[in-house]
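The values are calculated or read from the model by the stated rules, or taken from the named source; none is laboratory data. Just so it is clear, the model here is predicted, and its values are computed rather than measured. FYI the Cβ positions are ideal-geometry reconstructions off the backbone, even for glycines, and counts take in every protein chain you see.
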Amino acid sequence: MHKHKKQARIVSPSRSAEILSQETTAIAIETLAGLGIQCDFSAHYIHREVTTAQLILDKAKDLNDAFADPEVTLILSTIGGHNANRTLDHLHWDMIQANPKPLCGYSDITVLLNAIYAITGQITYLGPHFSSFGMQQGLEFTLRHFEHALLSGTNYELGVSEFWSDDLWFIDQANRSFIPNTGPVIVNKGTCEGIILGGNLCSFNLLQGTRYMPDLTGAVLFIEEDNLLGDLTLAEFERNLQSLLSHQGAEHIAGLVVGRFQANSRVDLNDLIELLSSFEQLTHCPVVCNLDFGHTTPIFTIPIGGQCKINALDGKVTVNILTQQNN
């Protein structure tokens, strides 16, 4: 099935791998091996007890080493967290540009995905962390889309999962809670084609005003938010979205796609639709929400910097990924 084995380097530019159980790690290694992907681990996969300044340098060194190593063909983030953006000024951009390879992750990793695309033009991937592959149940949708994006090199249509989950699967793999998926919702109908940018909204916005922010002109923005603020999630989402839509080039975006919110955020779908409808900056383009990406599971994998086409007409949403793969 897999013509060429891939060598994945697991890096921890956000939280330390110390948070992962041995069981989750072992399952993830086995699951990836089933896809023809062998894993090795960065020197600071588990963070050392050092000063904050040294920790930032350690994280950056692991990313630089992963890109520089000719044996490494894929880079996976361990997990999300905070402050991956502090590594950006310490990355060797000329070397990264000379050694293109896919990096995949989500949440805080959003800053790295979009910065790498902005600086080097390399396609990166918004998709599962290494830790995500430690899930025993409900992973099929995630795996299928990861394979399409990273391994098959073919154009593909994003599917719609039958169910979703927002439970503490890493605490209890046996007793899971799955919720039927109502599927994508059209806020503004239409069709569009453009370059995929975005990810976690508050993380993406950290790039504003820096050289690491990609050009939004013609972009199809894929955005999602976590539930760290609980009941205030929608209010925080509103002001972060306004900030993004006020950014230079945002007036020329091609479309907006919003991922599923976590259960604990208590974001009512009708409230979300009303909010998105209130942005006059979005009236010119298709807007859809409740798609399979974000901080719930399962999630699809999409290429940041890749091309997509969206058709949101007659109550049906189709999203086709047209280009990915750096090489």
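When region 217-240 is examined, which residues are found to be of a type outside the set (D, E, K, R), under 24 Å from residue 307 (Cα atoms) and under 17 Å from the mean Cα position of the chain (by Cα)? Selection gives 219, 220, 221, 222, 223.
Just checking: which of the strands (runs of 3 or more DSSP E) contained wholly in region 171-255 hold 1 or more residues that are outside the structural domain of residue 112 (by TED's automatic domain parsing) and under 27 Å from residue 112 (Cβ atoms)? Don't jump to the end; show me each part of the working.
Numbers: elements: 185-188, 190-200, 219-224.
Filter on region 171-255 gives 190-200, 219-224.
Quick check on region 298-311. Is at least one of its residues over 23 Å from residue 112 (Cα atoms), under 17 Å from the mean Cα position of the chain (by Cα) and surrounded by 24 or more Cβ atoms within 10 Å (Cβ to Cβ)? No.
Per the conditions (1) touching an Asp or Glu at 6+ places or on another chain (Cβ under 9 Å); (2) on the phi > 0 side of the Ramachandran plot, the sole criterion not satisfied by residue 14 is (2).
Across region 31-60, the number of residues qualifying as assigned to a helix (DSSP H, G or I) and under 22 Å from the mean Cα position of the chain (by Cα) comes to 6.
Just one of the numbered conditions (1) outside any strand (DSSP E or B); (2) within 23 Å of residue 142 (Cα to Cα); (3) more than 17 Å from the chain's Cα centre (by Cα); (4) modelled with pLDDT of 95 or more is not true of residue 274: (2). Kindly check whether there is at least one residue in region 162-183 that is touching a helix residue (DSSP H, G or I) at 6+ places or on another chain (Cβ under 7 Å) and at pLDDT 95 or above. No, region 162-183 contains no residue that is touching a helix residue (DSSP H, G or I) at 6+ places or on another chain (Cβ under 7 Å) and at pLDDT 95 or above.
For residue 28, are the conditions met, namely being of a type outside the set (Phe, Trp, Tyr), out of contact with any Asp or Glu (no Cβ under 6 Å at 6 or more places or on another chain) and free of Cβ contacts under 8 Å to residues at least 60 places away in the same chain? Against the criterion (of a type outside the set (Phe, Trp, Tyr), out of contact with any Asp or Glu (no Cβ under 6 Å at 6 or more places or on another chain) and free of Cβ contacts under 8 Å to residues at least 60 places away in the same chain), residue 28 does not qualify.
I'd like to know if region 43-51 contains one or more residues that are under 13 Å from residue 9 (Cβ atoms) and not small (Gly, Ala, Ser). Scanning region 43-51 turns up at least one residue that is under 13 Å from residue 9 (Cβ atoms) and not small (Gly, Ala, Ser). Among the residues of region 14-64, those that are crowded, with 17+ Cβ neighbours inside 10 Å and either of a type in the set (Asp, Glu) or in the same structural domain as residue 170 (by TED's automatic domain parsing) (or both) comprise 58, 62. Loosely packed, with under 14 Cβ neighbours inside 10 Å and either out of contact with any Gly (no Cβ under 7 Å at 6 or more places or on another chain) or of a type in the set (Gly, Ala, Ser) (or both), is that true of residue 209? Yes, satisfied.
Mind checking which residues of region 113-128 are closer than 22 Å to residue 24 by Cβ and either aliphatic (A, V, I, L, M) or surrounded by fewer than 24 Cβ atoms within 10 Å (Cβ to Cβ) (or both)?
Of region 113-128, the ones closer than 22 Å to residue 24 by Cβ are 125-128.
Passing the criteria: only 126.
Give the residues of region 143-152 that are of a type outside the set (Asp, Glu) and surrounded by fewer than 23 Cβ atoms within 10 Å (Cβ to Cβ), sorted by residue number. Spell out the reasoning first.
Initial filter on region 143-152 (of a type outside the set (Asp, Glu)): 143-146, 148-152.
Residues satisfying the conditions are 143, 144, 148, 151, 152.
Could you pull out the residue among 66, 33, 60 that is within 14 Å of residue 212 (Cβ to Cβ) and at pLDDT 95 or above? So that I can check it myself, show each step before the final result.
Details: 66 fails: within 14 Å of residue 212 (Cβ to Cβ); 33 fails: within 14 Å of residue 212 (Cβ to Cβ).
60 is the lone residue from the list that is within 14 Å of residue 212 (Cβ to Cβ) and at pLDDT 95 or above.
Among the residues of region 153-196, the ones that are farther than 25 Å from residue 227 by Cα, surrounded by fewer than 14 Cβ atoms within 10 Å (Cβ to Cβ) and over 22 Å from the mean Cα position of the chain (by Cα) come to 0 in all.
The residues listed here are 217, 210; of these, the one that is modelled with pLDDT of 95 or more, more than 22 Å from residue 35 (Cβ to Cβ) and touching a His at 6+ places or on another chain (Cβ under 7 Å) is 217.
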